[in-house]
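One structure below.
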Amino acid sequence: MRFIRTSAALFALAALLPRAVGALDTGLQLGGSSFKFLKLPLSPRATAMGGAGTGLVEGAGESELNPAAAALGPGALILGQEYPPQEFGTTASHLSWSLPWGERRITLNTRYLGFDKIPGWDGSGNATTSYDAYTLKLQAGLAGKALGFAYGVSAAYAQNNIAEATYSAGLVNAGLWRELRWGLSAGASVMNADFWTGSSKSNGEKPAAPAIFQAGLGYVRPLRPGMRVAAAVDARKVNDEEIVFPVGVEMMFLDALFARAGYPVGDPDNGFGLGIGLKWSRFSFHYAYKGHSQLSGGHGWTLEIRD
């Protein structure tokens with residue numbers, strides 16, 4: 001009960017205190033994200049492994065990659081921060097909570113990215129009044145096990161606000177995971193599938209959320225006590241983007257230290273991923289860096305507190 005009370009207090013605090021940070025004038029369409037940042041995985045483990053891991057998930061920290069992940073670990077509270085390429089001049093915050101409910105897990109998640117005082121320009125290139133922008137996603141779901149599968153499903157409300165224009169969407173996320181033979185496992189997920197969209201713009205424009213379809217295999221091989229190697233390969237399709245094939249590897253040492261690397265094969269924008277992790281008692285910390293073909297790299301971290 002102490003874990004539940006503490007987790008509830010931290011979740012409420014983080015949900016009520018999202019913060020926007022200053023944007024740089026780089027000539028990019030700052031603020032015009034139109035939900036695009038929702039396609040970025042929140043898990044540093046997945047980021048470091050090039051975006052792979054749908055079939056290798058282990059806990060609630062990877063629920064934004066595969067919602068079934070929460071069913072494979074204990075209750076947990078995960079706090080994280082992402083730093084997109086510095087040309088965007090902003091950060092993104094997120095918080096996830098997995099609450100035990102018998103053999104199942106209730107999952108809650110919030111993520112926020114904001115821009116403050118973006119320089120405005122009209123159609124002729126003349127400066128106008130600066131404006132703010134943000135993107136917010138709130139979701140709740142359920143994860144559990146049935147018929148040899150781990151499953152997860154959640155519903156979300158997402159909103160993208162640019163100056164006076166607001167775009168909203170109702171989204172569904174769902175995933176499955178199953179352990180196979182010989183150290184193999186398989187998983188599949190659908191993220192950000194919209195069932196409702198709305199817009200405050202007079203022209204009725206309704207930007208689409210980045211629906212993601214992903215499936216993959218994971219492999220884990222123990223090497224000696226406290227040491228193992230894991231690998232993952234996925235196929236990933238986002239809306240109107242070309243299909244990519246993320247691949248990644250992970251090494252664990254002493255049941256506590258992790259080293260990760262990966263690459264999204266066929267992705268014209270994102271490059272190699274690298275990451276580390278540290279687990280101690282109920283706590284774990286994970287960090288990842290991801291390269292980009294045209295911009296500076298992005299990075300992020302999470303702190304997880306398990307029940």
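The values are calculated or read from the model by the stated rules, or taken from the named source; none is laboratory data. Predicted model, so just to flag it, every value in this text is computed and none were measured. Reconstructed Cβ throughout: ideal geometry from the backbone, glycine too, with neighbour counts over all protein chains shown.
One residue is enough: does the stretch 296-305 have a residue meeting the conditions more than 24 Å from residue 67 (Cβ to Cβ), under 17 Å from the mean Cα position of the chain (by Cα) and outside any loop (DSSP other than H, G, I, E, B)? Please lay out each step first, then the result.
Filtering the stretch 296-305 for residues more than 24 Å from residue 67 (Cβ to Cβ) gives 296-297, 299.
Pick out the ones that are also under 17 Å from the mean Cα position of the chain (by Cα) and you get 297, 299.
Next cut, outside any loop (DSSP other than H, G, I, E, B) only: 299.
The answer is yes; a qualifying residue exists.
Of the residues that sit in the stretch 211-253 and are modelled with pLDDT under 95 and touching a helix residue (DSSP H, G or I) at 6+ places or on another chain (Cβ under 8 Å), which one is surrounded by the most Cβ atoms within 10 Å (Cβ to Cβ)?
That would be 212.
Among the numbered criteria (1) at pLDDT below 95; (2) in a strand (DSSP E or B), which single criterion is violated by residue 141?
With (1) at pLDDT below 95; (2) in a strand (DSSP E or B) applied to residue 141, the lone miss is (1).
Only one of (1) without any contact (Cβ under 8 Å) to a residue 24 or more places away in the chain; (2) at positive phi; (3) of a type in the set (A, V, I, L, M, F, W, C) fails for residue 254. Which number is that?
All conditions are met except number (1).
Go through the stretch 53-65 and report how many residues are over 12 Å from the mean Cα position of the chain (by Cα), surrounded by 21 or more Cβ atoms within 10 Å (Cβ to Cβ) and more than 22 Å from residue 238 (Cα to Cα).
1
Would the stretch 284-291 turn up any residue that is at pLDDT 95 or above, among the basic types (Lys, Arg), within 25 Å of residue 233 (Cβ to Cβ) and in contact with a strand residue (DSSP E or B) (Cβ under 6 Å, 6 or more places away or on another chain)?
Checked the stretch 284-291: no residue is at pLDDT 95 or above, among the basic types (Lys, Arg), within 25 Å of residue 233 (Cβ to Cβ) and in contact with a strand residue (DSSP E or B) (Cβ under 6 Å, 6 or more places away or on another chain).
For the stretch 267-291, how many residues are of a type in the set (Lys, Arg), surrounded by 14 or more Cβ atoms within 10 Å (Cβ to Cβ) and either in contact (Cβ under 8 Å) with a residue 40 or more places away in the chain or not in a strand (DSSP E or B) (or both)?
Here is the first cut: in the stretch 267-291, the ones of a type in the set (Lys, Arg) are 279, 282, 290.
Checking which are surrounded by 14 or more Cβ atoms within 10 Å (Cβ to Cβ) leaves us with 279, 290.
So of that shortlist, the ones also either in contact (Cβ under 8 Å) with a residue 40 or more places away in the chain or not in a strand (DSSP E or B) (or both) come out as 290.
Number of matching residues: 1.
Would you point out the residue of the stretch 66-99, among those that are assigned to a strand (DSSP E or B) and over 14 Å from the mean Cα position of the chain (by Cα), that is surrounded by the fewest Cβ atoms within 10 Å (Cβ to Cβ)?
Filtering the stretch 66-99 down to residues assigned to a strand (DSSP E or B) leaves 76-83, 92-99.
Adding the requirement that they be over 14 Å from the mean Cα position of the chain (by Cα) leaves 76-77, 98-99.
Details: 76: 25, 77: 25, 98: 29, 99: 20.
By that ranking, first place goes to 99.
Would you confirm whether or not the stretch 65-72 contains a residue that is among the polar types (S, T, N, Q), over 24 Å from residue 104 (Cα atoms) and in contact (Cβ under 8 Å) with a residue 12 or more places away in the chain?
Taking the stretch 65-72 first, the residues among the polar types (S, T, N, Q) are 66.
Next, only the ones that are over 24 Å from residue 104 (Cα atoms) stay: none.
Within the stretch 65-72 (the criterion being among the polar types (S, T, N, Q), over 24 Å from residue 104 (Cα atoms) and in contact (Cβ under 8 Å) with a residue 12 or more places away in the chain), the answer is no, since none of the residues qualifies.
Between 37, 3, which is closer than 26 Å to residue 252 by Cβ and either modelled with pLDDT under 90 or in contact with a strand residue (DSSP E or B) (Cβ under 9 Å, 6 or more places away or on another chain) (or both)?
Values: 37 fails: closer than 26 Å to residue 252 by Cβ.
The unique qualifying residue is 3.
Return yes or no: is residue 196 modelled with pLDDT of 95 or more and within 30 Å of residue 106 (Cα to Cα)?
On the way: modelled with pLDDT of 95 or more: no; within 30 Å of residue 106 (Cα to Cα): yes.
For residue 196, the condition - modelled with pLDDT of 95 or more and within 30 Å of residue 106 (Cα to Cα) - is not met.
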